[in-house]
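The values are calculated or read from the model by the stated rules, or taken from the named source; none is laboratory data. What you see is a predicted model; the values in this text were computed from it and never measured. Virtual Cβ from ideal backbone geometry, glycine too; neighbours counted across all protein chains shown. When the accessible area is computed, the model is the full protein with side chains, heavy atoms only, and any ligands, DNA or RNA have been set aside. Shrake-Rupley method; radii C 1.70, N 1.55, O 1.52, S 1.80 Å.
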Amino acid sequence: MGTAADPLIKEGTGRTVWDLDAYGFLAGDCPDTANPSLWRQSRLCSDHGLFEVTDGIYQVRGFDLSNMTLVEGDTGVLVIDPLISAETAAAGLALYREHRGDRPVTGVLYTHSHIDHFGGVRGVLPDGAADGGVPVLAPDGFLEHAVRENVYAGTAMARRAAYMYGAALPKGERGQIGAGLGQTTSTGSVGLVPPTRDITRTGQTETVDGIRMVFQLTPGTEAPAELNIHFPDRSALCMAENATHNQHNLLTLRGAEVRDPRVWAQYLAEAIDRFAGSSDVAFASHHWPVWGREQLIRFLSEQRDLYAYLHDQTLRLLNQGLTALEIAESLRMPPALERAWHTHGYYGSVSHNTKAVYQRYLGWFDGNPAHLWEHPPVEAARRYVEFMGGADEVVRRARESFAEGDYRWVAQVVHHVLFADPDHAEARRLQADALEQLGYGSENGTWRNFYLMGALELREGPVGTPTATTSPDLLAALTLDQLFDSLAIRVDGPRSWDADITVRWTVDGRDPVTLRLHNGVLTHVTGTGPAAAEPDVEVDLAEADLRALLTGGTDPADLAARDGVRISGDASRLPALLGHLAAPDPDFAIVTP
Ligand SMILES: [Zn+2]
């Protein structure tokens, strides 16, 4: 229907968080440096503006990695999945209002627990709006998963996500051209307004601002907490992120818990059964809708078959003794599915999805005792390179492989040179060249980004991690249990082997929680049963003060001075305890040791 007049979406300081024109170059013909299929997908994903899905349902697309959907109610508009950043979500809402009038937001719905579906909520819901009666709907378990996935392994995921989405890569024919699922992630302010209304069962119906919705819960599919929505009055079906125009990830390359393709396929079948017969359009929070009942049934059926096939055939092959690498290499999709664009591996891939299924059922070990106790990368690399005649000889031979176009082998073998001798300049150049060629050829957007990020860091050194892992809203949404867990994850084990520190917290007069650092492990126990050790120090305080202390907002000395904080016993144990925590490394090396 139109797009924003100003292509630059900025935050308060003037920094650009999203540039609508960044992918204008995709209008040109596909160059030699890109896979034509990915080029086509990226061109479709970069199309931006406000789009009509059906009467009263609109989508803002191309304003972030994900789509924001707007459903018009009696008096206002329900926002489904408000993007990653407040700035992009606000720009999307403004565009909608420009075309559809200044409707107030009368509800928000998160389809699932990934940040690209809730992070921008503060851009559509001003402070306090949730308390003021604007309902916020989400699937059962949303908050726990939204927070956990981004906090426990968050630092490593963010570093790997920088490779996966290639946000630091220059955009262009030789750089980042998209991520398959969407173009890339915006870099504005991330927030979280907790849900006020949980969807806890399939078949549950809710009405918001006169909009009737019937829900299907789909836990364990694309996200641990996710749902599909049917709009009976508009014959429309929202498939969240369960059916999009690509083969999705069973295990995202940034790292995650492995998803379950068997359950995923079952829920797609259930969605067809329950809703397809009364739907004329299916849309999702990425990509574009499918119109027509027959077309959407076919689309959903092919998506179901895609995940079921990956699951069943991986298991068939592993039961014949093939290992993950062998299955990834030999499994081919049925031609009928391969002919459908939406099953292509722009985001997930047959290669890494079959490995994910293997991992889900059998784990990292392929059963061969030769792989049970391998030397770690640097130790192995030194020995390989020595056996192969030294670094220069390996590089010389690898150049021949490069000339023959065997870039996979170059990447595999020069990796050993780099881990044995990271400063070998010629090896760095050759490896960067090989990774680039692999990236240029890849149909998968995230593979391309991984390859090109590796090449970039080999040429220019580490470029760091552009996205933050946590925000104040996310930290505030951690339960105290999760907060204590996240501290335990930071304990420097070896440095704490001999420490024995016990602190008992009484938070807002609730059951005391005893935190003990002992044997290098920080455990916490609620109540005063036999598992709770005798405290060295007891602290009576408000939850806000505890959160401030544990998230670095205050230090133990200032804590004691706060109103309502009572400390009895050995107060020096508090700073001692915090002294055992180590900081994670957000910029760890990946392509070099
Ligand atoms: Zn998403």
Size of electric dipole in the range 398-447: Cβ of Lys, Arg +1 and of Asp, Glu -1, about Cα centre, debye, nearest 20: 80
Rounded FRET efficiency, nearest 0.05, which uses the C-beta distance separating PHE387 from ASP500 and R0 of 60 Å: 0.80
Distance in nm between pseudo-label sites at GLU329 and ASP55 (7 Å out along the Cβ direction from Cα): 5.7
Size of electric dipole in the range 360-503: Cβ of Lys, Arg +1 and of Asp, Glu -1, about Cα centre, debye, nearest 20: 240
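Subtract the Cα-Cα distance of ARG397 and ARG212 from 0.36 nm times their separation in residues, and report this length gain in nm to one decimal. Walk me through the intermediate numbers first.
Details: separation 185, 0.36 × 185 = 66.60 nm, distance 6.60 nm.
Taking 0.36 nm per residue and subtracting the Cα distance, the gain is 60.0 nm.
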Cα centroid of the range 238-302 to Cα centroid of the range 529-553, whole Å: 45
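With an 8 Å cut-off on Cα pairs and a minimum separation of 6 or more residues, tell me the relative contact order of the range 1-157 in percent. List each step's numbers first, then the result.
Details: 256 pairs, mean separation 26.8, N = 157.
17 percent.
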Selected from LEU125, ALA90, TYR165, residue furthest toward positive end of dipole (the range 80-169; charges at beta carbon): TYR165
Karplus 3J(HN,Hα) series, Hz, for the range 99-113 with 6.51 cos²θ - 1.76 cosθ + 1.60 (x for Gly, Pro): 9, 10, x, 7, 6, x, 7, 10, x, 10, 9, 9, 6, 6, 8
Amide H contacts under 5 Å for ILE211, placed H, 5+ residues apart: ASP74
Value at 222 nm in deg cm²/dmol, rounded to 500, when DSSP H runs of n ≥ 4 in the chain each add -39,500 (n - 2.57): -11500 deg cm²/dmol
Gyration tensor (alpha-carbon) shape descriptor, the chain, a/c threshold 1.5: oblate
Share antiparallel - DSSP beta bridges, the chain, percent rounded to 5: 75
Farthest positive-ward along the range 438-584 dipole, Cα basis, beta-carbon charges - from ALA532, GLY509, THR446: THR446
Carbon plus sulfur fraction of accessible area for the range 46-105, probe 1.4 Å, in percent: 40
Other-chain or far-sequence residues with amide H under 5 Å of VAL17's (modelled H): ILE9, LYS10, GLU11
Virtual spin-label span in nm between ASP6 and GLU338, 7 Å along Cα→Cβ: 4.9
Pairwise centroid distance, computed over Cα atoms, of the range 1-72 with the range 400-471, Å: 28
For the range 255-263, 3J(HN,Hα) per residue [Karplus equation, 6.51 cos²θ - 1.76 cosθ + 1.60, θ = phi - 60°, Hz, x = Gly/Pro]: x, 5, 6, 5, 7, 10, x, 5, 5
J(HN,Hα) series, the range 348-354, from Karplus relation 6.51 cos²θ - 1.76 cosθ + 1.60, nearest Hz, glycine and proline x: x, 8, 4, 4, 7, 6, 5
Inter-centroid distance (Cα atoms) of the range 498-520 relative to the range 92-155, Å: 35
Fraction of accessible area attributable to carbon and sulfur, the range 470-584 (%, probe 1.4 Å): 51
Added length on full extension, which subtracts the Cα-Cα distance from 0.36 nm per residue, ASP312 to GLU543: 78.3 nm
Computed lengthening from ASP47 to ASP558, 0.36 nm per intervening residue step minus Cα-Cα distance: 178.8 nm
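With +1 on each Lys and Arg Cβ and -1 on each Asp and Glu Cβ, and nothing else charged, work out how big the dipole of the range 1-144 is about its Cα centre, in Debye to the nearest 20. Don't skip to the answer; put the middle values down first.
Details: 9 positive and 21 negative charges, 32 e Å.
Value, rounded to 20: 160 debye.
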Long-range amide H partners of TYR346 with built H, under 5 Å: GLN247
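Ignoring any ligand, DNA or RNA, what whole percent of the accessible area of the range 317-427 comes from carbon and sulfur when the probe is 1.4 angstrom? Walk me through the numbers on the way to the answer.
Working: 3610 of 6630 Å².
Here it works out to 54 percent.
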Computed label-point distance, nm, for sites ALA583 and THR16 using a 7 Å Cα→Cβ extension: 3.1
Within the range 350-433, GluC sites (Glu not before Pro) in DSSP loop having at most 13 other beta-carbon neighbours inside 10 Å: GLU374, GLU404
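Using Cα pairs under 8 angstrom and six or more residues apart, how large is the relative contact order of the chain, in percent? Walk me through the numbers on the way to the answer.
On the way: 1186 pairs, mean separation 75.3, N = 593.
Contact order relative to length: 13 percent.
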Trypsin sites (Lys or Arg not before Pro) lying in DSSP loop within the range 335-424, provided at most 12 other Cβ fall within 10 Å: ARG339
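Per residue, how much accessible area does the chain show when a 1.4 Å probe rolls over the protein heavy atoms, in square angstrom?
Details: 24980 Å² over 593 residues.
Here the residues of the chain average 42 Å² of exposed surface.
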